[in-house]
Amino acid sequence: MLTLDHASWKWYREWEVQTFMPEVLGRCPFCGEELEVRRLQCPGCHTTMEGAFSLGRFQRLSPEQVAFLEVFVRNRGVIRDVEKELGISYPTVRSRLDDLIRALGYEVREEAAAPDTADDAERRREVLERLKSGEITAEQALKLLKR
């Protein structure tokens, strides 16, 4: 019989949970209603609690929203880097971010026209460089600059 010390047992339980335990669904796969947790159990001491428990905000997210959130966090919220990693446009990133904000239960604020930032200046410079090199047309550059 194999015996494990406390640290090894803890590592094994974490590995087992990550390997064999599916992620909790936040919404009913049939009607889309938010699911409710009825029973919680500690895998270590087997303490069990029963009742009606709410899932956290992040369990409300679809798998696609979770994947987008992971990319957004990994890129420290730099939309330009999210664009590059996902191969999508700036408006698409903003739209997905707005959807994510709403899914978490927050209101999406309309932004007032902000003064140019260093990122804006860099984006304009990149568009003009792409135009100069012939990578994009003047019409495409104009559309990109109007964003």
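The values are calculated or read from the model by the stated rules, or taken from the named source; none is laboratory data. As the structure is a computational prediction, the values presented were derived from the model and not from experiment. When we count neighbours, we look across all protein chains shown, and the Cβ atoms used for this are built from the backbone with ideal geometry, even at glycine.
Can you find a residue that is part of a helix (DSSP H, G or I), at pLDDT 90 or above and either out of contact with any helix residue (DSSP H, G or I) (no Cβ under 8 Å at 6 or more places or on another chain) or of a type in the set (Val, Ile, Thr) (or both) anywhere in segment 101-121? Scanning segment 101-121 turns up at least one residue that is part of a helix (DSSP H, G or I), at pLDDT 90 or above and either out of contact with any helix residue (DSSP H, G or I) (no Cβ under 8 Å at 6 or more places or on another chain) or of a type in the set (Val, Ile, Thr) (or both). Can you tell me which residues in segment 87-100 are in a helix (DSSP H, G or I) and either without any contact (Cβ under 8 Å) to a residue 24 or more places away in the chain or within 11 Å of the chain's Cα centre (by Cα) (or both)? 92, 93, 94, 95, 96, 97, 98, 99, 100 - these are the residues of segment 87-100 that are in a helix (DSSP H, G or I) and either without any contact (Cβ under 8 Å) to a residue 24 or more places away in the chain or within 11 Å of the chain's Cα centre (by Cα) (or both). Filtering segment 16-27 to residues that are surrounded by 11 or more Cβ atoms within 10 Å (Cβ to Cβ) and at pLDDT 70 or above leaves 25, 26, 27. Of all residues in segment 134-147, none that is more than 19 Å from residue 121 (Cβ to Cβ) and loosely packed, with under 11 Cβ neighbours inside 10 Å has its Cβ atom under 6 Å from the Cβ atom of a residue that is among the aliphatic types (A, V, I, L, M) and modelled with pLDDT of 85 or more, 6 or more apart or on another chain. Checked against (1) among the basic types (Lys, Arg); (2) under 30 Å from residue 145 (Cβ atoms); (3) at pLDDT below 90, residue 13 passes all but condition (2).
Of all residues in segment 61-91, exactly one satisfies the criterion of being at pLDDT below 90 and among the hydroxyl-bearing types (Ser, Thr, Tyr), namely 62.
Among the candidates 109, 147, the residue that is under 30 Å from residue 32 (Cα atoms) and of a type in the set (Lys, Arg) is uniquely 109. Applying the criterion of being surrounded by 11 or more Cβ atoms within 10 Å (Cβ to Cβ) and not charged (D, E, K, R) to the residues of segment 57-67, the residue that is nearest to residue 97 (Cα to Cα) is 65.
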